[in-house]
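The values are calculated or read from the model by the stated rules, or taken from the named source; none is laboratory data. Keep in mind it's a predicted model, so treat the numbers as computed, not measured. All Cβ positions, glycine included, derive from the backbone under ideal geometry; neighbour counts span all protein chains shown.
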Amino acid sequence: MSVLNQKATKLELLNFKNQSTKTFWITSISFFICFFSWFGIVPFMPDVVKELGLSPDQKWNSIILAVSGTVFARLLIGKLCDKYGPRLCYTYMLMLGAIPVIALGFVATPLQFLICRFFIGFIGASFVITQVHTSIMYAPNIVGTANATSAGWGNLGGGANRLGMPIIAGIVISFGMADAAHAWRYAMIIAGVICFLMGIVYYFFTTDTLEGNYKELKEAGKLPKAKKDQVGFFEVLKDYRVWILFVVYAACFGMELTVYGTMDDYLQNTFQLPRNTAGNIVLSFALMNIFARTLGGYFGDKFGKLKGLYGRVIFLTIILAVEGIILSTFSTITYLPIAIVFLILFSLSVQMAEGATFSVVPFINKKAIGSISGIVGAGGNVGAFCAALLLKSKSAIAEKTAISMNTGKSQEVIDAAQAVASSEAVSSGYLLIGGLVVVTAVVALSIKFSTEDDKAVAGELSALAAS
């Protein structure tokens, strides 16, 4: 039986006898845990700022560093997946990535905190391994939906920590292990231990392919042909479509990371919301990953069935343009109920755009899915890095100016002026970013596929239908 015919043609989430399903769940849960740990410190930032004495610059630098480390890791991990397989890559990612997560619980200075946040960002590369592994396990008719669902449910970890980390901290406090001011340290240590244990699970309960692991297949001379004929990394770098998708993912996932990392403060400063209320709104934003990414992959698959491979590009363009328009509109709203509606719409569109992006990626070059996934995935973090720099340049300067202009006044007046300055700076940043996303959507239309590529995919789908 061919490798193609062994691939799952349906997303049967409860069919645990199916290796594709087992892999889907384990890789999705691993991704969830990585994102949970990656952004685990976010709910505790006010406590960290107070305890470690972080300046506004250091606070923004921690956000930037948290997504910077992921860029390098994602570029590297895709190539490693092509060479060694996703199983070993994920195992080492989880176990080594647990080290800086645990170390964050022991930091004593701002510099140590910044270093740990940088290295914790490496586990964000788990996204690439998840996409590679699901691409290997699922057939062309469903791969977009499978990729989008596993990624969306993994991304959910970045929102679940809003509830999960405070709960872990609360349990720590209830057992008398720490007081409220220091419970965040224990919460990070526990998250790191869970991350390490998941690495052991990944090693023993998954396989690289449906035929076995790369190492054994190489030794037996049974490695799938696609891997034997694997194209060189530099050949991948020369494909213009890869770099367009790099920018596209910067414009969707990069913006999700940016908005997620800055929205708490923005809601508090703009609408004078309590910290818990703002956090809950952002949590609801992240929870849409349960279905929003899946919708993007699903419609990508549907457009692909109707219009061929370019149909996937058409849908990606549409949803990306919608995302940019909604973000720009959101930035101008000052009435909370309407702002929440547009925040929900932004969440829906940005996550659908992410799913749509990775409904295109597996068809760029099937002989280098890992390398391409790594480059495109890195684009998301480059986008987050650039957007964070933009917002920092606006917000930090505005906050410092507000503080200096109100020197000598009460702390309450200074805090209010600082909040207003930050709100206005971030709002103008969101407006500009939204416009750039729309421009990126137009550029995405230039992604093309050959007639041979379309015929090859159509042939695979016909073979699946006949099997």
Criterion violated by Leu111 - all others in (1) surrounded by fewer than 22 Cβ atoms within 10 Å (Cβ to Cβ); (2) within 25 Å of Trp243 (Cα to Cα) satisfied: (2)
Taking the range 389-422 and keeping only residues that are modelled with pLDDT under 85 and crowded, with 24+ Cβ neighbours inside 10 Å, one is left with Ser395, Ser422
Failed item, numbered, when Lys409 is tested on (1) basic (Lys, Arg); (2) within 22 Å of the chain's Cα centre (by Cα); (3) more than 29 Å from Gly124 (Cα to Cα): (2)
State whether one or more residues within the range 68-77 are part of a loop (DSSP other than H, G, I, E, B) and either among the small types (Gly, Ala, Ser) or over 19 Å from the mean Cα position of the chain (by Cα) (or both). no
Run down Thr317, Thr258 and say which single residue is crowded, with 22+ Cβ neighbours inside 10 Å, hydroxyl-bearing (Ser, Thr, Tyr), touching a residue at least 40 places away in the same chain (Cβ under 8 Å) and part of a helix (DSSP H, G or I). Thr258
Select, from Lys409, Lys455, Lys448, the only residue that is assigned to a helix (DSSP H, G or I) and among the basic types (Lys, Arg). Lys455
Looking at the range 125-153, I want the residues that are within 13 Å of Lys302 (Cα to Cα) and have a partner that is in a strand (DSSP E or B) and of a type in the set (Asp, Glu) with Cβ atoms under 7 Å, at least 6 apart or on another chain. Which pairs are those? none
Can you pull out the residues in the range 170-217 that are in contact (Cβ under 8 Å) with a residue 60 or more places away in the chain, over 22 Å from Thr21 (Cβ atoms) and charged (D, E, K, R)? Arg185, Lys215
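With respect to Gly434, determine if the residue is surrounded by 14 or more Cβ atoms within 10 Å (Cβ to Cβ) and over 16 Å from Pro140 (Cβ atoms).
Yes; evaluated as a whole, the condition is true for this residue.
What helices (runs of 4 or more DSSP H) lie completely within the range 122-182 and have 2 or more residues being among the aliphatic types (A, V, I, L, M) and under 30 Å from Gly304 (Cβ atoms)?
126-137, 143-155
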Tally time: how many residues in the range 383-417 are farther than 18 Å from Phe330 by Cβ and without any contact (Cβ under 8 Å) to a residue 60 or more places away in the chain? 20
Looking at the range 186-201, which of its residues are crowded, with 23+ Cβ neighbours inside 10 Å and more than 20 Å from the chain's Cα centre (by Cα)? Ala187
Checking Ile26, Ile99, Ile64 in turn, the sole residue that is assigned to a helix (DSSP H, G or I), surrounded by fewer than 18 Cβ atoms within 10 Å (Cβ to Cβ) and either among the β-branched types (Val, Ile, Thr) or in contact with a helix residue (DSSP H, G or I) (Cβ under 9 Å, 6 or more places away or on another chain) (or both) turns out to be Ile99
Tabulated pairs, the range 41-52, first touching a residue at least 24 places away in the same chain (Cβ under 8 Å) and closer than 12 Å to Arg162 by Cβ, second assigned to a helix (DSSP H, G or I) and among the aromatic types (Phe, Trp, Tyr), C-beta under 6 angstrom, 6+ apart or interchain: Phe44/Trp184
Please work out if Thr294 is surrounded by fewer than 21 Cβ atoms within 10 Å (Cβ to Cβ) and assigned to a helix (DSSP H, G or I). no
Let me confirm something: among Thr270, Thr329, Thr277, Thr317, which residue is under 22 Å from the mean Cα position of the chain (by Cα) and of a type in the set (Val, Ile, Thr)? Thr317
Every residue from the range 439-451 that is surrounded by fewer than 18 Cβ atoms within 10 Å (Cβ to Cβ) and modelled with pLDDT of 95 or more: Val439, Val442, Val443, Leu445, Ser446
Could you please tell me which pairs satisfy a Cβ distance under 6 Å, a separation of 6+ or placement on different chains, a first residue in the range 282-306 that is closer than 13 Å to Ile319 by Cα, and a second residue that is modelled with pLDDT of 85 or more and among the aromatic types (Phe, Trp, Tyr)? Phe299/Phe315; Gly300/Phe315; Phe303/Phe315
For the range 1-23, name all the residues that are assigned to a loop (DSSP other than H, G, I, E, B), surrounded by 15 or more Cβ atoms within 10 Å (Cβ to Cβ) and without any contact (Cβ under 8 Å) to a residue 60 or more places away in the chain. Asn18
Among the residues of the range 354-402, which ones are farther than 19 Å from Ile64 by Cα and either acidic (Asp, Glu) or outside any helix (DSSP H, G or I) (or both)? Glu354, Ile364, Asn365
